[in-house]
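J.: Structure below; questions to follow.
The values are calculated or read from the model by the stated rules, or taken from the named source; none is laboratory data. Please read these numbers as outputs of a predicted model, since none were measured by experiment. Note that we place each Cβ from the backbone using ideal geometry, even for glycine, and neighbour counts take in every protein chain shown.
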Amino acid sequence: MWAAEVNGRLGATLVTFQMDSWAYMIYQQCHSDFLPQHVNNALSFVVTQTLVRRSNLRGIFYGMQSLDAPRSVDEFKFRMGYQARPVRQRVAFHPYLAPLVNGFTHRLTKALTTLTPKNRLLAKAEGMLRLGLAEKNPVNELSFNRG
């Protein structure tokens with residue numbers, strides 16, 4: 001467990017786990033008061049630098065991207081030297097909800113998300129629908145672009 005303080009207050013935390021020769025960043029969070037100061041980014045950078053110095057590590061898995069993460073999350077990771085690797089995520093819908101996973105509901109949810117960008121529920125729903133639709137495509141046809 002890693003933590004960052006700002007003026008004596010807990011600003012961000014990061015939980016890591018090491019198994020064999022891989023380190024995993026499992027869970028990361030930042031107090032909303034400190035988001036403008038990028039405390040989360042500073043903590044990630046320090047942890048990454050510390051883990052890289054361990055001679056017994058083959059690599060670091062930074063974790064799956066959040067369903068509603070902005071592009072800036074990837075950009076930050078790339079600037080630190082991380083490389084994107086294709087990973088297949090899956091969202092399984094209850095059979096009663098599965099018929100709602102279609103292009104129309106995805107476009108509608110995406111439009112509503114654009115109208116209310118701070119609505120996290122809609123943003124997560126859009127991400128789940130996007131992954132649900134991607135599940136219907138073969139792996140080689142998946143787009144890694146958001147949208």
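J.: Tell me whether region 26-34 contains one or more residues that are touching a strand residue (DSSP E or B) at 6+ places or on another chain (Cβ under 7 Å), aliphatic (A, V, I, L, M) and outside any loop (DSSP other than H, G, I, E, B). Write out each step before concluding.
T.: Taking region 26-34 and keeping what is touching a strand residue (DSSP E or B) at 6+ places or on another chain (Cβ under 7 Å), we get 26-31, 34.
Pick out the ones that are also aliphatic (A, V, I, L, M) and you get 26.
Keeping just the survivors that are outside any loop (DSSP other than H, G, I, E, B) gives 26.
Yes, region 26-34 contains a residue that is touching a strand residue (DSSP E or B) at 6+ places or on another chain (Cβ under 7 Å), aliphatic (A, V, I, L, M) and outside any loop (DSSP other than H, G, I, E, B).
J.: Let me ask something additional. Polar (S, T, N, Q) and either under 30 Å from His38 (Cβ atoms) or in contact (Cβ under 8 Å) with a residue 40 or more places away in the chain (or both): is that true of Thr109 in this structure?
T.: When the stated conditions are applied, Thr109 passes them.
J.: Among the candidates Phe104, Phe78, single out the residue that is outside the structural domain of Ala123 (by TED's automatic domain parsing) and among the hydrophobic types (A, V, I, L, M, F, W, C).
T.: Result of the check over Phe104, Phe78: Phe78.
J.: Okay, moving on. Filter region 1-45 down to residues that are β-branched (Val, Ile, Thr) and farther than 26 Å from Arg58 by Cβ, then give me how many there are.
T.: The qualifying residues number 2.
J.: Among the numbered criteria (1) modelled with pLDDT under 90; (2) of a type outside the set (D, E, K, R); (3) part of a loop (DSSP other than H, G, I, E, B); (4) surrounded by fewer than 12 Cβ atoms within 10 Å (Cβ to Cβ), which one does Leu57 miss?
T.: That leaves (4) as the condition not met.
J.: Another question, then. From the list Leu100, Leu142, Leu133, exactly one residue is at pLDDT 90 or above and not small (Gly, Ala, Ser). Which is it?
T.: Leu100
J.: Write out, first by first residue and then by second, each pair whose Cβ atoms fall under 8 Å of each other, whose residues are 6+ apart or on separate chains, and whose first residue, in region 36-58, is within 12 Å of Phe76 (Cα to Cα) while the second is exposed (fewer than 14 other Cβ atoms within 10 Å of the Cβ) and polar (S, T, N, Q).
T.: The qualifying pairs are Asn40/Gln29.
J.: Of the residues Ala123, Ala69, Ala92, only one is loosely packed, with under 14 Cβ neighbours inside 10 Å, outside the structural domain of His38 (by TED's automatic domain parsing), within 20 Å of Tyr27 (Cα to Cα) and among the aliphatic types (A, V, I, L, M); which?
T.: Ala69
J.: If Ser32 satisfies all but one of (1) among the hydroxyl-bearing types (Ser, Thr, Tyr); (2) surrounded by 11 or more Cβ atoms within 10 Å (Cβ to Cβ); (3) over 15 Å from the mean Cα position of the chain (by Cα); (4) under 26 Å from Ala4 (Cα atoms), what's the number of the condition it fails?
T.: The one condition Ser32 does not meet is (2).
J.: With the requirement that a residue be modelled with pLDDT under 90 and exposed (fewer than 14 other Cβ atoms within 10 Å of the Cβ), what does region 35-48 give you?
T.: Across region 35-48, the qualifying residue is only Leu35.
J.: Go through region 75-111 residue by residue and tally those that are over 21 Å from the mean Cα position of the chain (by Cα) and assigned to a helix (DSSP H, G or I).
T.: So the count comes out to 9.
J.: While we're here: Is it true that some residue in region 101-111 is surrounded by 15 or more Cβ atoms within 10 Å (Cβ to Cβ), out of contact with any His (no Cβ under 7 Å at 6 or more places or on another chain), within 26 Å of Ala42 (Cβ to Cβ) and β-branched (Val, Ile, Thr)? If you could, list the steps in order and put the result at the bottom.
T.: Taking region 101-111 and keeping what is surrounded by 15 or more Cβ atoms within 10 Å (Cβ to Cβ), we get 101, 105-106, 109-110.
Narrowing further to those that are out of contact with any His (no Cβ under 7 Å at 6 or more places or on another chain): 101, 105-106, 109-110.
Still in the list and also within 26 Å of Ala42 (Cβ to Cβ): none.
No, region 101-111 contains no residue that is surrounded by 15 or more Cβ atoms within 10 Å (Cβ to Cβ), out of contact with any His (no Cβ under 7 Å at 6 or more places or on another chain), within 26 Å of Ala42 (Cβ to Cβ) and β-branched (Val, Ile, Thr).
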